[in-house]
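Data first, discussion second: the structure below is written as structure tokens.
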């Protein structure tokens, strides 16, 4: 069975747009999950909807501050300048909270 190619264009109907976005967002997160499990890669994905709702995926072995450091090192962009002071501490707190939630979810049957 062949996948039919579709024309990429903006979806004007808001209901269809929401449904398509949800399906594609879930598909992206599912693919990132597969990459992190099959290849033991560090993956962190953040997706913002047009309404501002955030969806994210972070593989279990990923530590957010380390990912951001690697991004900074590889992209040569300074993301730790004075206007972002305290950002690293916030990332560490968020990362700890995410891993605690994941740990709790794995303990609950």
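Can you find a residue in the stretch 3-26 that is touching a residue at least 24 places away in the same chain (Cβ under 8 Å), outside the structural domain of residue 98 (by TED's automatic domain parsing) and within 22 Å of residue 90 (Cβ to Cβ)? No: the stretch 3-26 contains no residue that is touching a residue at least 24 places away in the same chain (Cβ under 8 Å), outside the structural domain of residue 98 (by TED's automatic domain parsing) and within 22 Å of residue 90 (Cβ to Cβ).
Look at residue 28 and say whether it is at pLDDT 90 or above, touching a strand residue (DSSP E or B) at 6+ places or on another chain (Cβ under 9 Å), surrounded by 12 or more Cβ atoms within 10 Å (Cβ to Cβ) and not in a loop (DSSP other than H, G, I, E, B).
Details: at pLDDT 90 or above: yes; touching a strand residue (DSSP E or B) at 6+ places or on another chain (Cβ under 9 Å): yes; surrounded by 12 or more Cβ atoms within 10 Å (Cβ to Cβ): yes; not in a loop (DSSP other than H, G, I, E, B): yes.
So residue 28 fits the description; yes.
Being assigned to a loop (DSSP other than H, G, I, E, B) and either at pLDDT below 90 or surrounded by 10 or more Cβ atoms within 10 Å (Cβ to Cβ) (or both) is the filter here; which residues of the stretch 11-25 pass it? Hit for the stretch 11-25 is 11, nothing else. Taking every residue in the stretch 30-47 that is in the same structural domain as residue 70 (by TED's automatic domain parsing) and within 20 Å of residue 68 (Cα to Cα) and pairing it with any residue that is at pLDDT 90 or above and not in a strand (DSSP E or B), at least 6 positions away or on another chain, yields no pair with a Cβ-Cβ distance below 9 Å. Residue count for the stretch 36-65 satisfying the condition of being part of a helix (DSSP H, G or I) and either surrounded by 15 or more Cβ atoms within 10 Å (Cβ to Cβ) or in contact with a helix residue (DSSP H, G or I) (Cβ under 6 Å, 6 or more places away or on another chain) (or both): 3.
The values are calculated or read from the model by the stated rules, or taken from the named source; none is laboratory data. Remember, predicted model here, so these are calculated numbers, not experimental data. Please note: Cβ atoms are built from the backbone with ideal geometry, for glycine as well, and neighbour counts cover all protein chains shown.
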